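Structure first, then comments.
The values are calculated or read from the model by the stated rules, or taken from the named source; none is laboratory data. Since this is a predicted model, take the numbers as computed values, not measurements. Neighbour counts are summed over all protein chains in view; Cβ atoms, including those assigned to glycine, are modelled from backbone coordinates with ideal geometry.
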Amino acid sequence: MSLNSILEPGMLVRHPNQPDWGIGQVQSNIADRITVNFQEAGKVVIDGRQIVLQLVHTDSF
């Protein structure tokens, strides 16, 4: 089981291969398709079978 399976709308994440996208907020997580709204890249649909997003802890700001 990967971290992606617990992601819910509102959670904050980073893309491990695209640090320049900044922090993203999960919009939806349906059948390994995770829609995230990133600060610098806008809305992106991630294939959760290919990329494991990194959870951002809110106390790290």
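For the reader, a short list of remarks on this structure follows.
- Region 27-51 - residue that is under 11 Å from the mean Cα position of the chain (by Cα) and of a type in the set (A, V, I, L, M) and, of those, surrounded by the most Cβ atoms within 10 Å (Cβ to Cβ): VAL36
- Filtered residues of region 1-26 (kept if within 9 Å of the chain's Cα centre (by Cα) and not small (Gly, Ala, Ser)): ASN4, LEU7, MET11, LEU12, VAL13, ARG14, HIS15, ILE23, GLN25, VAL26
- Residue ID - farthest from SER2 (Cα to Cα), chosen from residues in region 33-61 that are at pLDDT 95 or above and charged (D, E, K, R): GLU40
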